[in-house]
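J.: So that we are looking at the same thing, I have put the structure below in structure tokens.
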Amino acid sequence: MFVFIAGGGRTGAQLAAQLLDQNHQVRLIEHRRELLALLHHEIPTEVIYEGIATDPNVLKQAGLDKANVLVACTKDDATNLVLCYLARTMFKTRRTIARINNPRNAWLFDKNFHVDETINQADVMAHLIQEEMSLGDMMTLLKLRRGRYAVVEEKVPPGAKAIGMELKKLGLPDQCVIAAIIRHGQITLPRGTSVLEEGDEVLAVTDNEGAIQLAKLLEPPSRENL
């Protein structure tokens, strides 16, 4: 995959390095001299293109017309919006991802400017805090489908509601599937009649609502009285 990154700050540089480690083709465009000097010490020189990212001629020369994805991660929201618009309308870039620096500008980052996905640091932090508070000891192992689903893990504590109950009677929504139970170091693929025991490690594939319901079933009784 060819990823075109606009913005050579810390975010852009780290993203470029990680993508290169994953064997993706990367082009990073930046015009600030002080950042270019640092970039040449962190990523291969052939990845870096010096120029103004909002100049269509520069974007053409840098190879945006060949990219599969544009990541606009400059520190200026207006620049990121313009980049997404140019990428889609002039260069037919398949996917656009934009960084939102000021949360007050988030409403602008929509289909009108051809923004497919956004990275809003304030929203990310708020979501992480909400998830931490609602899921308790449940650990998220992997995000799926752009964060809509996740693979989660939790150990069944003493006194949990789910102990002794058949899985089919837990009342979990269709979007929450118990994928595996690890008991005494052995992994088993559960059935509807499988029963959870204290100390079991439960692996589930679920959306956020299902994860919250599962967490309530697996929480220790002391939490209910807090």
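J.: For the range 159-178, how many residues are more than 30 Å from the chain's Cα centre (by Cα), part of a loop (DSSP other than H, G, I, E, B) and not aliphatic (A, V, I, L, M)?
T.: Count: 3.
J.: Shifting gears a bit: Can you find even one residue in the range 193-201 that is at pLDDT below 90 and hydrophobic (A, V, I, L, M, F, W, C)?
T.: no
J.: Can you work out which of the residues in the range 205-223 that are farther than 18 Å from Gly164 by Cα and of a type in the set (Gly, Ala, Ser) is surrounded by the fewest Cβ atoms within 10 Å (Cβ to Cβ)?
T.: Step by step, filter the range 205-223, then rank; the result is Ser222.
J.: Can you name every one of the strands (runs of 3 or more DSSP E) wholly within the range 1-68 that holds 2 or more residues which are modelled with pLDDT of 90 or more and either over 20 Å from the mean Cα position of the chain (by Cα) or charged (D, E, K, R) (or both)?
T.: Hits in the range 1-68: 25-30, 48-50.
J.: Taking Leu214 as the residue in question, decide whether it is modelled with pLDDT of 85 or more, in contact with a Cys (Cβ under 7 Å, 6 or more places away or on another chain) and under 22 Å from Arg148 (Cβ atoms).
T.: In short, yes.
J.: Can you tell me which residues in the range 201-210 are more than 13 Å from Ala179 (Cα to Cα) and not polar (S, T, N, Q)?
T.: The answer is Asp207, Glu209, Gly210.
J.: Further question on the same structure: For the range 154-163, enumerate the residues that are surrounded by fewer than 17 Cβ atoms within 10 Å (Cβ to Cβ) and touching a strand residue (DSSP E or B) at 6+ places or on another chain (Cβ under 6 Å).
T.: Lys155
J.: Looking at the range 15-27 only, could you name the residues that are closer than 22 Å to Thr93 by Cα and either open to solvent by 70 Å² or more (accessible area, probe 1.4 Å) or without any contact (Cβ under 8 Å) to a residue 24 or more places away in the chain (or both)?
T.: If the condition is that a residue be closer than 22 Å to Thr93 by Cα and either open to solvent by 70 Å² or more (accessible area, probe 1.4 Å) or without any contact (Cβ under 8 Å) to a residue 24 or more places away in the chain (or both), then Gln18, Leu19, Gln22, Asn23, His24, Gln25 are the ones that fit.
One line per residue, one yes/no per condition, for (1) among the basic types (Lys, Arg); (2) part of a helix (DSSP H, G or I); (3) without any contact (Cβ under 8 Å) to a residue 24 or more places away in the chain; (4) farther than 30 Å from Glu117 by Cβ:
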residue	(1), (2), (3), (4)
Ala150	no, no, no, no
Pro157	no, no, no, yes
Ala180	no, no, yes, yes
Pro190	no, no, yes, yes
Leu203	no, no, no, no
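J.: In addition: How about the range 45-87: which of its residues are within 13 Å of His31 (Cβ to Cβ), open to solvent by less than 20 Å² (accessible area, probe 1.4 Å) and among the charged types (D, E, K, R)?
T.: None - no residue of the range 45-87 is within 13 Å of His31 (Cβ to Cβ), open to solvent by less than 20 Å² (accessible area, probe 1.4 Å) and among the charged types (D, E, K, R), so the list stays empty.
The values are calculated or read from the model by the stated rules, or taken from the named source; none is laboratory data. What you are looking at is a predicted structure, and each value in this text was computed from that prediction instead of being measured. Using ideal geometry, Cβ is built from the backbone for each residue, glycine included, and neighbour counts are taken over all protein chains shown. For the accessible areas, the whole protein counts, side chains as well, though only heavy atoms, and no ligand, DNA or RNA atoms are used. Shrake-Rupley method; radii C 1.70, N 1.55, O 1.52, S 1.80 Å.
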